[in-house]
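Asks: Got a structure for you, questions after.
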Amino acid sequence: MTGFAAQAQLPFGGMSAAKGKGRISGGVIDSISRSALEYVTISLRKAGETQPIDGVVTDGKGMFALKEIKNGVYDVKVSFIGYEDKLFRNITINDSLSTQMLGKVILAPVQKLLDEVTITGKQMLVENKIDKIVYNASADITNKGGNAADLLRKVPTLSVDLDGNVYMRGSQNIKVLINGKPSAVMAANVSEAMKMIPSDEIEKVEVITSPGAKYDAEGSAGIINIITKKKVVKGVSGSMNVSAGTRSSFLGANTNVKYDKWGFNVGLGGFGWKAKGRMDATRSLTASDLFELTQGGETSTKGIGGRGNFGVDYDITDKDNVNASVSYSRFKMNIDNSILTSQKLMSQEVDHYTRNIKSENLSSSVDATLDYKHKFNRENQELTMSGQFSNNLRPTGYELDQYNALEIKNYYEQSNNSGKNRENTIQLDYSHPFTKKLNLDAGVKSIFRRIESIYSYDTLNFATNQIVSDQNRNSAFGYLQDVLSAYTEGVWYVDDHWGIKAGVRYEMTKNKGDIFQSERNLNQTYDNILPSGTVSYKFGSSSVKVSYNQRLQRPSLFYLNPYSNQSDVKNVTRGNPRLEAELTNNVELGYSTYFGISSINVALYNRSTNNAIEAVRSLSGDTLITSYYNQAKNNNTGLNLSGNLMFGYKFMLAGNFDLSYVNVENKSLGIQNSGFNYGINGFLNWTVIDKWGFQGYAGIRSPTITAQGRSTSFYFYGLGIKRDLLNKKATLSLGVDNFLTPTQKLKTDYEINGLKYSSVNQFNAFGARISFNWMFGKMQFSNKQKSKGIDNTDLKAGDDGRGAGGGMR
C-alpha cells in the first residue's frame, strides 16, 4: 500500500463547499508500518451522541472525505477491526469554516496494546452476544472472491460439505434467513442458494442456536441469519461474479444505489450444475437365502437455476422509513436413471427388467414484501409494520420406459404432481427501551397458508397404443393453515457482567383439510405457550451463558403430501397427512473466550423432542415404502467446540467439532435406536504474500443415527489459490475438490422385520473451478438500521430445504 510520507499535504483542500454545508477529510495510516489502511470506517455523529448520522470508508490510499455536512458541531470516530479507535470531538462546520482537515490519523494495532485497552468492548471478528454468535464477515478481508458456502465454513458451530449443505451441530434441520426474512431462493434449495450469494455482499452472519420468543416457533437445531450489505450501503456500488467449473458454473451481478432519501438494489444471477453416479442395492432375508432382490444403474443429473431481485427504500422523514422488495427464483433439475432390477427366489431368477426413467423437478417462487418503520425520539424505540406475499410453485414429474429381459418394451408410465404453497403474512413489532440496559420487545403476527398438491398417473395401453389415465391413483391433497401468534421478550443488562433475556410466545394453529376431499378429516386446532430464557455472565474477555427454550414445529407439505413417486415400484416414498406437530425442549450451556482477534466457543446442549418426525421404512410385499411418523421421543445430547485462530489478518485457521449421543424411540412402532454422531471440519486462509492467498478446507461426518439404522458417513476437502487484481477490487481464484479421491462411495445398511438392506451410491466428487469477482463503485454507510421484517420459520421443511413428501422433492 502507498504511505503518506511522500505527500506534502493531503489532497482535500481547494474546494469550496456550498453555503450551509461543509466537509471533513483526512487519511489513515498504520502506526507500525506507516502504510495506508483501506476500508477503515469513518463515522460522523452529532457532538456528544453515539448514533452515527453518516459515514464513509477509506479508499485504496487510506483517504476519506465526508461531504455535504450541514452546519453544526460533530464528533468523528475512526475505527478498524484489530486497531484502537480514535475519536475527534467537537468539530465545527459553518459558513466561515466549511472545510475541516484531520490530517494523518494514526491507528495502532490492538495486538500491541493488550495491556492498555479492553478487547471485549470492540467489534471482533466473532462476537458472542446474549442470544447469538455473530461472525462479522465485513471485518474479514479474506472473504473476497468466494460465495456464501465458502464464508459459512468459517462461522462457529457451522459446517458446510462439498455440495454446500449446511449443518449446525451435526443437524441440517435449520432455517436460513436473509436479512431476518425467509427467502424464496432458500426455500427452493439451501445448498444451491448458498452458491448464488457472493461473500462480498455479506455484512455478517448470526448463528442463533437457542431462538427466543420473537422468532416463529422453530423446533429445529437453530437459525442462521445472513445479513447483507445492501441494507446499509449508500452511493453506487456492486459486484459481479463469474465462475466456471467441472461440476457447476455461475454468473451474477448485484448493484446498489443510495441517493438522498432513495435507495435501490437489483440483482441477477444464474447457475448450472451436473453430476454423475451409480447406485447398487441388495435386499434379502436375514435368516436365509430364500429371497434376494438386486438393483443397479447409472444416474445423470443436470440442473439450471436463476434468481432476480429488486428493492426500493425511501426515508419519508428522519424517523420514518418504508421499503419494498420483490424477488423471483427458478430452479430446474433433470435426472436420468437406468435401473436394472433382478429378483430371485431360492436362487432362481423370477423377474428381470430395466427401467429408463426421466424425472423433472421445477421450483419457481415469488416473494413480495412491504415494511414500514417509525423511530421515536428515544434511542432504539421503534415500531415496525410488515406485510409479505409468497407463492411457490413446485411441479414435478417423470416418465419411464420398461424393458424385459429380451429388451422388449412392455410398460410405459408418466406422472405429474403440481404443488403450490401460498402464504400471506402480516406482522407488527414494537421495541421499547426503558433504560439503556433494559429493553422490551413485543409483537403480533398472522400467517395464512394455502397448500395444494394435485397428482395424476397415466399408462400406455399397448393394444390400442393410447395413453390411459389411471383414475384409481389420481388424486389431490391440500389444506388451509392459519397461525396467529403474539410474543413479548425483555433484555436486561444488570451490570457490566450479568445479562438476562426472557420471553414467552403464544401460538394458535388452525388446520383445515383436506380442501379437495371431504372424507379426509384433518381439521386441527391447538394452542401453545412457549417460554424461552438466557442468562449470561461476562468476565474479562470471556463469557458463560445458560439458555432454555421450548419450540413448536409443524410439518410442511414435504412430510404431509400422500403423493408417491412410483417410478421405481420396489422403492416408494410418500408423505403422511396425519402427522402432528413436534414439541422440542432445548437446553444449552455455552462458554466463549477471546484472545486478540481469535476466539473459542464451547457448548454443551440437550435437544429433547416429543412427536419427532422421522422417516420410517416398511415392507408391502417386496416393495420398500418410506413414509414419515411421529416418534415418541428423540433425544440428542452433545458437545460442540468451534473457534477461529488468527495471526493478524494474513493467517486464519477455523475449526468445528461436534459429538452427540442420539436416542430415538417409538414403542408403538417397535422402534428403538441409539448411538453417537460426530463431525469435524476445518478451514485455512493464508495470505502468503501481498495479493496472493491460499485456502483449504476439509471435513468428515460420521454415520448419522436414524430411526431404523444409520445413514452413511462422508468426507470432503479442497484447495484453492487466489490473486487480488485491480487495486484489490477484483479477485481471480482457482480451486480443486477431492483431487486425491475423485470417486466416493456412500454406504447404507439396515434391517427391517427380517429383511436386510444394503446399498452403495458411487458418485464423482472431483471438481475444478476458476472464478472471477469484481467489486465496483464506492461504498459508504448510511445510519439506517435494519428493519425487523417478516420471518416465517415455523414449518419443518424437507432435509434439503425443498418440498413435499413424495414427489415434491
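The values are calculated or read from the model by the stated rules, or taken from the named source; none is laboratory data. Everything quoted here is computed from the prediction, not taken from an experiment. Here the Cβ is made from the backbone with ideal geometry for all residues, glycine too, and neighbour counts use every protein chain on show.
Asks: Report whether or not I335 is of a type outside the set (S, T, N, Q) and surrounded by 20 or more Cβ atoms within 10 Å (Cβ to Cβ).
Replies: no
Asks: Here's a follow-up. Is it the case, given these coordinates, that V483 is without any contact (Cβ under 8 Å) to a residue 60 or more places away in the chain, in contact with a strand residue (DSSP E or B) (Cβ under 7 Å, 6 or more places away or on another chain) and among the β-branched types (V, I, T)?
Replies: Details: without any contact (Cβ under 8 Å) to a residue 60 or more places away in the chain: no; in contact with a strand residue (DSSP E or B) (Cβ under 7 Å, 6 or more places away or on another chain): yes; among the β-branched types (V, I, T): yes.
For V483, the condition - without any contact (Cβ under 8 Å) to a residue 60 or more places away in the chain, in contact with a strand residue (DSSP E or B) (Cβ under 7 Å, 6 or more places away or on another chain) and among the β-branched types (V, I, T) - is not met.
Asks: Let me ask another. Return a yes/no flag: does the stretch 9-29 have any residue that is at pLDDT below 85, of a type in the set (G, A, S), in contact with a Gly (Cβ under 9 Å, 6 or more places away or on another chain) and part of a loop (DSSP other than H, G, I, E, B).
Replies: Taking every residue of the stretch 9-29 in turn, none turns out to be at pLDDT below 85, of a type in the set (G, A, S), in contact with a Gly (Cβ under 9 Å, 6 or more places away or on another chain) and part of a loop (DSSP other than H, G, I, E, B).
Asks: Given the options I500, I515, name the one that is surrounded by fewer than 16 Cβ atoms within 10 Å (Cβ to Cβ) and either not basic (K, R) or not in a strand (DSSP E or B) (or both).
Replies: I500
Asks: I would also like to ask the following. Quickly run through the stretch 476-495 and pick out the residues that are under 28 Å from the mean Cα position of the chain (by Cα) and charged (D, E, K, R).
Replies: Those that are under 28 Å from the mean Cα position of the chain (by Cα) and charged (D, E, K, R): D482, E489.
Asks: Considering only strands (runs of 3 or more DSSP E) fully contained in the stretch 33-90, which possess at least 3 residues that are farther than 29 Å from K319 by Cβ and modelled with pLDDT under 90?
Replies: No strands (runs of 3 or more DSSP E) qualify here.
Asks: Another question about this same structure. Looking at S759 and the list (1) over 26 Å from G682 (Cβ atoms); (2) surrounded by fewer than 17 Cβ atoms within 10 Å (Cβ to Cβ), which single condition is not satisfied?
Replies: Only one criterion in (1) over 26 Å from G682 (Cβ atoms); (2) surrounded by fewer than 17 Cβ atoms within 10 Å (Cβ to Cβ) is unmet by S759, namely (2).
Asks: Right, next: Of the conditions (1) within 30 Å of T637 (Cα to Cα); (2) under 26 Å from the mean Cα position of the chain (by Cα); (3) not hydroxyl-bearing (S, T, Y), N738 fails just one. Which one is it?
Replies: For N738, the exception is condition (1).
Asks: Is it true that some residue in the stretch 677-696 is outside any strand (DSSP E or B) and in the same structural domain as K747 (by TED's automatic domain parsing)?
Replies: Yes, the stretch 677-696 contains a residue that is outside any strand (DSSP E or B) and in the same structural domain as K747 (by TED's automatic domain parsing).
Yes or no, residue by residue, for (1) in contact with a strand residue (DSSP E or B) (Cβ under 9 Å, 6 or more places away or on another chain); (2) over 30 Å from Y455 (Cα atoms); (3) among the polar types (S, T, N, Q):
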| residue | (1), (2), (3) |
| --- | --- |
| E382 | yes, yes, no |
| N392 | yes, no, yes |
| E399 | yes, no, no |
| L406 | no, yes, no |
| N424 | yes, no, yes |
| Q427 | yes, yes, yes |
| K437 | yes, yes, no |
| L440 | yes, yes, no |
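Asks: Going through the stretch 556-580 one residue at a time, which ones are surrounded by 24 or more Cβ atoms within 10 Å (Cβ to Cβ) and either at pLDDT 85 or above or not assigned by TED's automatic domain parsing to the domain that holds I625 (or both)?
Replies: Residue satisfying the conditions is G575 alone.
Asks: Only one of A476, A442 is touching an Asp or Glu at 6+ places or on another chain (Cβ under 8 Å) and within 30 Å of I357 (Cα to Cα); which?
Replies: Details: A442 fails: within 30 Å of I357 (Cα to Cα).
Just a single option satisfies the conditions, and that option is A476.
Asks: Separate question: Of the residues A502, A442, A486, only one is within 19 Å of T384 (Cβ to Cβ) and in contact with a Gly (Cβ under 8 Å, 6 or more places away or on another chain); which?
Replies: None of the others qualify; the one that does is A486.
Asks: Quick test for you: out of T425, T354, pick the one residue that is closer than 30 Å to T317 by Cα and in contact with a Ser or Thr (Cβ under 8 Å, 6 or more places away or on another chain).
Replies: The match here is T425.
Residue by residue, here is whether (1) farther than 16 Å from Y479 by Cα; (2) touching a residue at least 60 places away in the same chain (Cβ under 8 Å); (3) surrounded by fewer than 22 Cβ atoms within 10 Å (Cβ to Cβ) holds:
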site	(1), (2), (3)
M508	yes, no, yes
T525	no, no, yes
P531	yes, yes, yes
V535	yes, no, yes
K538	yes, yes, yes
V544	yes, no, yes
Q550	yes, no, yes
R554	no, yes, no
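Asks: Could you say whether any residue in the stretch 615-625 is surrounded by 15 or more Cβ atoms within 10 Å (Cβ to Cβ), in a strand (DSSP E or B) and modelled with pLDDT under 80?
Replies: no
Asks: Inspect the stretch 689-711 for any residue being among the basic types (K, R), farther than 25 Å from A244 by Cα and under 25 Å from the mean Cα position of the chain (by Cα) and give the result as yes or no.
Replies: yes
Asks: Quick check, is N511 assigned by TED's automatic domain parsing to the domain that holds N630 and either charged (D, E, K, R) or under 17 Å from S446 (Cα atoms) (or both)? Steps first, please.
Replies: Numbers: assigned by TED's automatic domain parsing to the domain that holds N630: yes; either charged (D, E, K, R) or under 17 Å from S446 (Cα atoms) (or both): yes.
It is true that N511 is assigned by TED's automatic domain parsing to the domain that holds N630 and either charged (D, E, K, R) or under 17 Å from S446 (Cα atoms) (or both).
Asks: Suppose the filter is closer than 27 Å to N511 by Cβ and in the same structural domain as G387 (by TED's automatic domain parsing); does K445 pass it? Before you say what the answer is, go through the steps one by one.
Replies: Working: closer than 27 Å to N511 by Cβ: yes; in the same structural domain as G387 (by TED's automatic domain parsing): yes.
Taking the combined requirement at face value, the residue satisfies it.
Asks: Please determine, by comparing only the residues of the stretch 697-745 that are aliphatic (A, V, I, L, M) and assigned to a loop (DSSP other than H, G, I, E, B), which one is modelled with the highest pLDDT.
Replies: Restricting to residues being aliphatic (A, V, I, L, M) and assigned to a loop (DSSP other than H, G, I, E, B), the top hit is L740.
Asks: Restricting to the stretch 454-475, and then to whatever is hydrophobic (A, V, I, L, M, F, W, C) and under 20 Å from P395 (Cβ atoms), can you tell me which residue is nearest to the chain's Cα centre (by Cα)?
Replies: Taking the candidates together, the pick is I454.
Asks: Out of all the residues in the stretch 641-657, is one or more surrounded by 17 or more Cβ atoms within 10 Å (Cβ to Cβ) and under 24 Å from G513 (Cα atoms)?
Replies: no
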